[in-house]
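> Attaching a single structure in structure tokens format; questions to follow.
The values are calculated or read from the model by the stated rules, or taken from the named source; none is laboratory data. All values derive from a computational prediction rather than experimental measurement. Positions of Cβ are generated from backbone atoms using ideal geometry, with glycine treated the same way; all protein chains shown enter the neighbour counts.
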Amino acid sequence: MTILSISFEYLVYDHRLKDEHMLESHAFFSKMVDELVEFSEYDPELADGIKWLDDQAQKKGITFYDMVFEVLYKHDVNSKAKDWLSTRN
């Protein structure tokens, strides 16, 4: 008779590390968006885009930052999908 022996090893996950990383990521993202808004003073096309995003955020009832994240996320997903499709053929 053969006995199968399996051992499991696990690490204790410290959720504080996740929370700390999330705060750092949020701060970085917020600062990046704030800098884009500041720079829009010198770029009329960027200013128009920011106004459009703000209008869309208000229509959806979300924050401007959430709207920017949503647009960037969708763009990233679409880009990766296009890249994936191009490698399929």
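> In the set Glu9, Glu24, which member is part of a loop (DSSP other than H, G, I, E, B) and either acidic (Asp, Glu) or modelled with pLDDT of 95 or more (or both)?
The conditions single out Glu9.
> Would you check which residues across region 21-46 are without any contact (Cβ under 8 Å) to a residue 12 or more places away in the chain and among the polar types (S, T, N, Q) and list them?
Ser25, Ser40 - these are the residues of region 21-46 that are without any contact (Cβ under 8 Å) to a residue 12 or more places away in the chain and among the polar types (S, T, N, Q).
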